[in-house]
Amino acid sequence: PPVLTLVDCAGSERKEDSASHNAERRKEGAEINQSLHALKECMRHWVLANDGARVHIPYRDSALTRVLAESFSREDTLMAV
């Protein structure tokens, strides 16, 4: 059956914007950015795989991409950013 997954990436933080935040908020921002980087890498590898390249999609690199692992392995997956 078809699956619809929506991901809200609005929580990303720029280092310059977080200078006045406390350590906990800075750590949270760093974790968000790490997850977004992992998502970008998975999407990049997914595109290469769909173009015929034999690549490993590194979906185990973050909790976010582990949740989306099925989306990277389904043949009927469509992605929009």
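The values are calculated or read from the model by the stated rules, or taken from the named source; none is laboratory data. Quick caveat, the model's predicted, so the values are computed rather than measured. All Cβ positions, even for glycine, are placed from backbone atoms using ideal geometry, and neighbour counts span all protein chains on display. All accessible areas refer to the heavy atoms of the entire protein, side chains included, with ligands and DNA or RNA removed. Shrake-Rupley method; radii C 1.70, N 1.55, O 1.52, S 1.80 Å.
Values computed for the structure shown
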item: Those residues of segment 62-75 which are over 9 Å from the mean Cα position of the chain (by Cα) and within 13 Å of Trp46 (Cβ to Cβ), in sequence order; result: Ala69, Glu70, Ser71, Phe72, Ser73, Arg74, Glu75
item: Restricting segment 68-77 to residues that are among the hydroxyl-bearing types (Ser, Thr, Tyr) and part of a helix (DSSP H, G or I), the residue that is surrounded by the fewest Cβ atoms within 10 Å (Cβ to Cβ); result: Ser73
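Okay, residues lined up against (1) assigned to a loop (DSSP other than H, G, I, E, B); (2) open to solvent by 60 Å² or more (accessible area, probe 1.4 Å); (3) at pLDDT 90 or above; (4) of a type in the set (Gly, Ala, Ser):
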| site | (1), (2), (3), (4) |
| --- | --- |
| Lys40 | no, yes, yes, no |
| Trp46 | no, no, yes, no |
| Ala53 | yes, no, yes, yes |
| His56 | yes, yes, yes, no |
| Arg60 | no, yes, yes, no |
| Arg66 | no, yes, yes, no |
| Met79 | yes, yes, no, no |
